[in-house]
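Heads up, the thing below is written out as structure tokens.
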Amino acid sequence: LIGESLMAGYPWGGRIDLQVYAGDPVPWQVMEGYFARNDTQGREIAAFTSREDMDARFGAAATMSGLPTPVDFATHFVVAVTLPETGYSTRVLPAAMFRAADRLFFIYREESGEEQSYSIRPVLLVQVANKFHGELVPIKQ
């Protein structure tokens with residue numbers, strides 16, 4: 001069973017949505033210190049297997065909390081979620097990752113907060129060992 005959605009009703013008319021996923025869990029590491037380049041637009045969810053491809057879409061910058069997370073493309077690839085520009089405080093958070101039948105399922109969620117006086121391009125980058133590479137199937141919670 002992969003990505004099956006079920007719905008059950010309550011006697012008082014409410015409902016519960018239940019999603020069940022099966023596969024082998026995949027470990028990942030969230031990457032810090034990256035931003036979407038100004039010459040990219042819209043929503044994008046992609047896997048990057050080379051430094052050149054990743055650098056074409058993302059920049060790296062040191063912050064007060066440290067240097068950007070390094071990635072070795074000989075042993076890892078990067079899964080990235082980039083959202084459109086927004087004026088609201090917004091985060092993209094990883095929820096789960098698993099592999100089934102040569103597919104890599106990446107479950108993530110988006111959290112929006114208060115309006116800001118500036119705009120941002122929310123991004124999430126995670127690095128994954130090459131042995132788990134497969135067709136990327138993103139699932140937004």
Legend entry - Peptides 70-78, 107-115 ordered by average Cβ neighbours within 10 Å, highest first: 70-78, 107-115
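Round to the nearest 0.05 the FRET efficiency obtained for Ala100 and Arg51 when R0 = 25 Å and r is the Cβ-Cβ distance. Walk me through the numbers before you get to the answer.
Numbers: r = 29 Å, r/R0 = 1.15.
Given R0 = 25 Å and the Cβ-Cβ separation, E is 0.30.
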Inset, instruction - Answer with one residue from Val81, Ile107, Ser119: the one whose Cα lies farthest towards the positive end of the charge dipole of segment 66-141, charges on Cβ with Lys, Arg +1 and Asp, Glu -1. - result: Ile107
Inset, instruction - Give the peptides 54-65, 128-139 in descending order of average Cβ contacts within 10 Å, highest first. - result: 128-139, 54-65
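Can you show me the helix-derived [θ] at 222 nm for the chain, built from DSSP H runs with n ≥ 4 at -39,500 (n - 2.57) apiece and divided by the number of residues, rounded to the nearest 500.
Numbers: 1 runs with 5 residues, N = 141.
Helices in the chain give a 222 nm mean residue ellipticity of -500 deg cm²/dmol.
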Legend entry - Fraction of alpha-carbon pairs over 23 Å apart in the chain - percent: 42
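No value in this document is a laboratory result; all are computed from the given coordinates. All values reported here derive from a predicted model rather than from experimental measurement. Heads up, the Cβs are rebuilt from the backbone with ideal geometry, glycines too, and the neighbour counts pull from every protein chain shown.
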